[in-house]
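Here is the structure we will look at, set down as structure tokens.
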Amino acid sequence: MKKGLNLVILLIAAFIFSQKLINSESLFSEKIAFSDKVQKIFSFIEKNREKIIKEWILLTEIPAPSGYERERAKYMEKKFNEIGLENVYIDKFGNVIGIWKGNPKGKNIIFSAHMDTVFQGVWKIKVKRDGNVLKAPGIGDDTASCINLLWTLRALKYINFKPFHNYYFLATVGEEIGFKGMRQFLDNSNEKFDYIIALDGDLGKLHYGALGFGGGKIVFRGSGAHTMQSRGIPNPNLAVAKAIDRIYRIEVPSNPPEKWTIYNVGRINGGKVNNAVPQESFFTIDLRSANQEELEKVQRKIEEICLEVARETGCKVEINLNRKEKAHQLPGARNSLLVKTAEDILNFLEIKDIKINPLGSTEANTGIERGIPSINLGRTYCRYKHSLREEADIDGLFLAIKQIILMILSLEQEKY
Ligand SMILES: [Zn+2]
């Protein structure tokens, strides 16, 4: 009887504990948002509106394609120092790091914005202002986040903020070439980090999982022949056609979001002339999934299909699929403290078009793959990202800064 009772108590305790894990409460409250210090910060941000825009333009006009972030890094380092962060330095990979120390018992929290852009070879950048919109390559991705970071820090200094947690502010290199700078920083750091918040992506888009990339290129080869001599000769074009047709019969889940998977054949190419069997044909496949098992399942099927088609057609096949950029999900992430807090802040700020999903492709991925709860927070609203006519909204930037400030002040509630 007593044993049975103990078991019941244990089960109830386990249930309560699991509920606590699943339904973590948000750290955000309207009390924080309407506090005097937040009101003071918000008016500081508004008062400095033109200064913020001016610095945003200035930083955007310092070109920083991946691998060439040095000038921007120097700027960020100088500003981190002027703001008064401790231990400001540029590491051997080119990342700029500034630390704002709190209590030794506080958590170690990273906020990162990437300095690099995708615009290789673009050395002259001139920002155009058009009402509420700024136009220039890199204006949004991710220069806007670098500005958000600087002005978050200035605003917090302005109210004499004394953090409980230890904050690591990073302006990183090589994000656009596989989160390179962030990975190098994490791999070489002796610190244990509790949260990573990547400042990247459109405002209102929040990702708590790491999307995996498993696509690649498949090449079929044969001896080739003039049409007149082509009877019985393996045709790589036929192999490509058969393979694509069969691949498109692979069923992939669109639900739940943690298993969401998609693929697309983006390019096919083969042959040089009308009157010959080509020696080589290829297609590319873009394969993405929130779930590594699903990703690998599709990869195995693609391989089976291509080998089968090679056998049938007599072609040789070379299969190159991405095995490096794996999908990662942390159990319970959707309802975790971090995500719930960020969600509440986005709602409070009445950000339009909020989308929360596990399909992230920002530096938060590097945290998630190391088991560190990580999310991204958007920078403003952008259009034509990664193109020379990139545009970013000015008003959105101010909302984004407020979002980051509320995030930090909310995280400060998690004391123990
Ligand atoms: Zn980016």
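The values are calculated or read from the model by the stated rules, or taken from the named source; none is laboratory data. All values derive from a computational prediction rather than experimental measurement. We place every Cβ from the backbone using ideal geometry, glycine too, and count neighbours over all the protein chains shown.
A search for C-beta distances below 6 Å between a residue of the range 387-400 that is touching a residue at least 12 places away in the same chain (Cβ under 8 Å) and any residue that is assigned to a helix (DSSP H, G or I) and small (Gly, Ala, Ser), counting only pairs 6+ apart in sequence or on different chains, returns Ala392/Ala144; Leu397/Ala144. Within the range 289-297, can one find any residue that is more than 30 Å from Ser189 (Cα to Cα), in contact with a strand residue (DSSP E or B) (Cβ under 8 Å, 6 or more places away or on another chain), buried (at least 18 other Cβ atoms within 10 Å of the Cβ) and of a type outside the set (Val, Ile, Thr)? Yes; the residues of the range 289-297 include at least one that is more than 30 Å from Ser189 (Cα to Cα), in contact with a strand residue (DSSP E or B) (Cβ under 8 Å, 6 or more places away or on another chain), buried (at least 18 other Cβ atoms within 10 Å of the Cβ) and of a type outside the set (Val, Ile, Thr).
Residue-by-condition table, conditions (1) farther than 22 Å from Gly371 by Cβ; (2) β-branched (Val, Ile, Thr); (3) assigned to a helix (DSSP H, G or I); (4) modelled with pLDDT under 95:
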| site | (1), (2), (3), (4) |
| --- | --- |
| Thr152 | yes, yes, yes, no |
| Leu156 | yes, no, yes, no |
| Lys162 | yes, no, no, no |
| Gly181 | no, no, yes, no |
| Gln184 | no, no, yes, no |
| Asp187 | no, no, yes, no |
| Ala198 | no, no, no, no |
| Ile218 | yes, yes, no, no |
| Leu238 | yes, no, yes, no |
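If you filter the range 123-143 down to residues that are among the hydrophobic types (A, V, I, L, M, F, W, C) and more than 16 Å from the ligand (Cβ to nearest atom), you find that the one that is surrounded by the fewest Cβ atoms within 10 Å (Cβ to Cβ) is Trp123.
Of all residues in the range 200-211, those that are more than 12 Å from the ligand (Cβ to nearest atom) and assigned to a loop (DSSP other than H, G, I, E, B) total 5.
Kindly provide the set of residues from the range 185-199 that are surrounded by fewer than 21 Cβ atoms within 10 Å (Cβ to Cβ) and either among the charged types (D, E, K, R) or within 12 Å of the ligand (Cβ to nearest atom) (or both), ordered by number. Those that are surrounded by fewer than 21 Cβ atoms within 10 Å (Cβ to Cβ) and either among the charged types (D, E, K, R) or within 12 Å of the ligand (Cβ to nearest atom) (or both): Asp187, Glu191, Lys192, Asp194. Somewhere in the range 81-100, is a residue in contact with a Phe, Trp or Tyr (Cβ under 8 Å, 6 or more places away or on another chain) and modelled with pLDDT under 95? Yes, that holds for at least one residue. Filtered by the rule that a residue be assigned to a loop (DSSP other than H, G, I, E, B) and surrounded by 20 or more Cβ atoms within 10 Å (Cβ to Cβ), the range 337-363 gives Ile351, Pro358, Leu359, Thr362, Glu363.
Taking interchain pairs and intrachain pairs at least six residues apart, which have beta carbon atoms under 7 angstrom, with the first residue in the range 107-121 and over 17 Å from Ile404 (Cα atoms) and the second within 12 Å of the ligand (Cβ to nearest atom) and in a strand (DSSP E or B)? The qualifying pairs are Met115/Thr172.
Scanning the range 144-184 for residues being within 16 Å of the ligand (Cβ to nearest atom) and under 19 Å from Lys101 (Cβ atoms) gives a total of 3.
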